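> I am attaching a structure below and will ask some questions about it afterwards.
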């Protein structure tokens, strides 16, 4: 018993000491240097470069230190939304997209930035569609870091061999014809790759632009969902038909990454997706088809309006930030012309964050280094988040509807259309259920009632 | 050993190996993937033989400070376990040795708190943390993890304490020991294997806890779960990097489990044969 007692005493003592140490250490770390900014950002290539180059910023501003929280997009969104909504003040800089910037700005979760910027920032150099997407009521709530639109990618070698010519502005009937002629499953070559993985940022990003270009819209002016309208039916039927006939097997699980891999491995003759893919497709280290990639604008249906999507990542300052001035200094630096030059110098011209500043596209060197740059610029400039559709709508956003409940609706509709793609539902059934689901969410969230 | 016995034994051994392989295969695959290049990791037909590379580990280490995340995980999981034990030992003692009519109900009620999805209390807890300055602190996360694991710790200790003969404690009481002495000098030494295995389980649960550690921490107190979360990405290839990060994240707890597996098994089977 004596030994046991001794052992127990030892354990208890060890436990108490460790516990007090843990509590102490937990407390001690809260002390910090005068200004430490906590920056929350997504983990894609451009942001990784920013994180690396931020050492230059710290050297230039010895009074400011940066603490990075780099996370996967969806986790980041959950964290920053919780923090912004409760004014938690955990972050001084958050990375947000066109869905958050206007909504959060409207609710007072973000600081307006126009008055905080120095004249040297050249606000007017920012591309108008992007600036519009980051604003609410004329006030800018996020500084765009990089932006993207969509393009049609195709294999020039296959087109030449089949004697086909990609028109300067393809239509969906062109795409359907090319896909039919180039589809050769026996050789592991598929006519057309598209996003099929359900999600508001996956298949719905593409399908929404298709609906736009066939003259459709998510809501009419009175906030009535339009998912059973003719344009939705035309677009969804064509989407399902194209992918079933000419798409690779298992299309419903292909998102951006999977499609990119398929195209790079020479499995797709055509692919309509984000402009940001171009950099990787042209890089012979990553892509097996680097020498034969052609590109054209996103195809149109019955109207050119809304066929190119528009997405950006921007840096914003939550209203609860305790170091707003230092945060403004940092985001101004990270989205400035000087930063773009710095990236060009350290990582090469083709790696500069695209799509935000006119001056980037006025550099002949950049246009030469990135053959896709001119078309990317045109696509972004053609997108109009304020008037995304042929018929008038009460919302803004091209492939998204800028409102808090859109991710919920987009995900549900995306799942139903994926079910139509695999044949579990007919297109009519999927759209009928999508309409009902949208109405249900709208009722719950009060969409339209206070607009 | 007769031939039939031998055959039976071989069969069971093979079956045991098969089950073990099946259970550990995902882990093994993750470790293998962490040594592949990104292109090999995503290959449609997976390669069993490939040129191993440490590239992913290099990138992971370059992009984030592993040691800081690991230290946070160690402090939070050990700290929360000790805090939970501090509360759980007296409560389990009371319920095991002085049960009342409502003890059973209390135990079930405690367990029922685990049935509520964490997100249900996210906003209240977040607001409390904001107002008490506990956001992004290890102390805060440690307390939440401890409270979250408390029902399980109490339940386990309760079952272990039930195995301790009441007479031993009564004898101590006859000799003049108060409740504190009774716990400290008699109960704890007698149920040490149980306490050790409970602590191990609580540590593992706290180590793996992702929901609270992701929402309540940002840069300073983020543990390894946040470290892993920064390596999956909707753009670009990430399987190898994610596997490397996961391998690094589970390594410490795997080593702890390995070292203490004897106690763990002893604790888990403690009182199983009666």
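> For residues that are crowded, with 21+ Cβ neighbours inside 10 Å and within 13 Å of chain B (Cβ to nearest Cβ), tally how many sit in region A:288-321.
Residues that pass the stated criteria total 4.
Residue-by-condition table, conditions (1) touching a helix residue (DSSP H, G or I) at 6+ places or on another chain (Cβ under 6 Å); (2) within 12 Å of chain A (Cβ to nearest Cβ):
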residue: B:51; (1), (2): no, no
residue: B:69; (1), (2): yes, yes
residue: B:74; (1), (2): no, yes
residue: B:83; (1), (2): yes, yes
residue: B:91; (1), (2): yes, no
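> For residue A:47, only one of the following conditions fails: (1) modelled with pLDDT of 90 or more; (2) buried (at least 18 other Cβ atoms within 10 Å of the Cβ); (3) more than 8 Å from chain B (Cβ to nearest Cβ). What is its number?
Result: residue A:47 fails condition (1) only.
> Can I ask one more? Looking at B:127, B:122, which is the one that is within 10 Å of chain A (Cβ to nearest Cβ), free of Cβ contacts under 8 Å to residues at least 40 places away in the same chain, surrounded by 12 or more Cβ atoms within 10 Å (Cβ to Cβ) and assigned to a helix (DSSP H, G or I)?
The conditions single out B:127.
> Can we say residue A:213 is assigned by TED's automatic domain parsing to the domain that holds residue A:290, in contact (Cβ under 8 Å) with a residue 40 or more places away in the chain and surrounded by fewer than 24 Cβ atoms within 10 Å (Cβ to Cβ)?
For residue A:213, the condition - assigned by TED's automatic domain parsing to the domain that holds residue A:290, in contact (Cβ under 8 Å) with a residue 40 or more places away in the chain and surrounded by fewer than 24 Cβ atoms within 10 Å (Cβ to Cβ) - is not met.
> Which of (1) more than 14 Å from chain B (Cβ to nearest Cβ); (2) farther than 30 Å from residue A:189 by Cβ; (3) in contact (Cβ under 8 Å) with a residue 12 or more places away in the chain does residue A:89 not meet, given it meets every other one?
Just one mismatch for residue A:89, condition (1).
> Looking at region A:29-44, which of the residues that are more than 9 Å from chain B (Cβ to nearest Cβ) and over 16 Å from residue A:145 (Cα atoms) is surrounded by the most Cβ atoms within 10 Å (Cβ to Cβ)?
Filtering region A:29-44 for residues that are more than 9 Å from chain B (Cβ to nearest Cβ) and over 16 Å from residue A:145 (Cα atoms), the one surrounded by the most Cβ atoms within 10 Å (Cβ to Cβ) comes out as A:37.
> Might you check whether a residue that is touching a helix residue (DSSP H, G or I) at 6+ places or on another chain (Cβ under 7 Å), crowded, with 21+ Cβ neighbours inside 10 Å and assigned to a helix (DSSP H, G or I) occurs anywhere in region B:216-224?
Yes, the conditions are met somewhere in region B:216-224.
> Still on this structure, please answer the following. Which ones in region A:50-72 are part of a loop (DSSP other than H, G, I, E, B) and at pLDDT 90 or above?
Within region A:50-72, A:61, A:62, A:63 meet the criteria.
> Something else: Yes or no: residue A:96 in contact with a helix residue (DSSP H, G or I) (Cβ under 9 Å, 6 or more places away or on another chain) and at the interface with chain B (Cβ under 8 Å from one of its Cβ atoms)?
No, not satisfied.
> Here are some residues: B:25, B:87, B:50. Which one is surrounded by fewer than 19 Cβ atoms within 10 Å (Cβ to Cβ), on the phi < 0 side of the Ramachandran plot and outside any helix (DSSP H, G or I)?
Result: B:50 is the single residue among B:25, B:87, B:50 that is surrounded by fewer than 19 Cβ atoms within 10 Å (Cβ to Cβ), on the phi < 0 side of the Ramachandran plot and outside any helix (DSSP H, G or I).
> Determine which single condition residue A:385 fails, assuming it passes every other condition in (1) surrounded by fewer than 20 Cβ atoms within 10 Å (Cβ to Cβ); (2) outside any helix (DSSP H, G or I); (3) in contact with a helix residue (DSSP H, G or I) (Cβ under 7 Å, 6 or more places away or on another chain).
(1)
> Collect the residues in region B:225-241 that are at pLDDT 85 or above, within 11 Å of chain A (Cβ to nearest Cβ) and either over 21 Å from the mean Cα position of the chain (by Cα) or not in a helix (DSSP H, G or I) (or both), keeping them in residue-number order.
The one that is at pLDDT 85 or above, within 11 Å of chain A (Cβ to nearest Cβ) and either over 21 Å from the mean Cα position of the chain (by Cα) or not in a helix (DSSP H, G or I) (or both): B:241.
> Is region B:141-150 home to any residue that is touching a helix residue (DSSP H, G or I) at 6+ places or on another chain (Cβ under 7 Å) and more than 29 Å from residue B:73 (Cα to Cα)?
For region B:141-150, residues touching a helix residue (DSSP H, G or I) at 6+ places or on another chain (Cβ under 7 Å) and more than 29 Å from residue B:73 (Cα to Cα): absent.
> Next question, about the same structure. Would you mind finding the one in A:10, A:26 that is surrounded by 13 or more Cβ atoms within 10 Å (Cβ to Cβ), within 11 Å of another protein chain (Cβ to nearest Cβ) and at pLDDT below 70?
On inspection, the qualifying residue turns out to be A:26.
> Just checking, how many residues over region A:78-95 are part of a helix (DSSP H, G or I) and crowded, with 20+ Cβ neighbours inside 10 Å?
Within region A:78-95, residues that are part of a helix (DSSP H, G or I) and crowded, with 20+ Cβ neighbours inside 10 Å number 4.
> Additional query: I'd like to verify a number: residues in region A:102-114 that are assigned to a helix (DSSP H, G or I) and either modelled with pLDDT under 90 or touching a strand residue (DSSP E or B) at 6+ places or on another chain (Cβ under 6 Å) (or both), how many?
The number of residues fulfilling the criteria is 5.
> Can you tell me which residue in region A:50-77 is farthest from the chain's Cα centre (by Cα), limited to those that are within 15 Å of residue B:219 (Cα to Cα), at the interface with chain B (Cβ under 7 Å from one of its Cβ atoms) and touching a residue at least 24 places away in the same chain (Cβ under 8 Å)?
Among them, the one singled out is A:67.
Matching residues to (1) assigned to a helix (DSSP H, G or I); (2) touching a helix residue (DSSP H, G or I) at 6+ places or on another chain (Cβ under 6 Å); (3) closer than 21 Å to residue A:152 by Cα:
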site	(1), (2), (3)
A:200	no, yes, yes
A:228	no, yes, no
A:235	yes, yes, yes
A:240	yes, yes, yes
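> Further question: Taking the residues in region A:124-160 that are in a helix (DSSP H, G or I) and over 22 Å from the mean Cα position of the chain (by Cα) as candidates, determine which candidate is nearest to residue A:396 (Cα to Cα).
A:124
The values are calculated or read from the model by the stated rules, or taken from the named source; none is laboratory data. Since this is a predicted model, take the numbers as computed values, not measurements. Quick reminder, even Gly has a Cβ in these numbers, built from the backbone with ideal geometry, and neighbours come from all protein chains shown.
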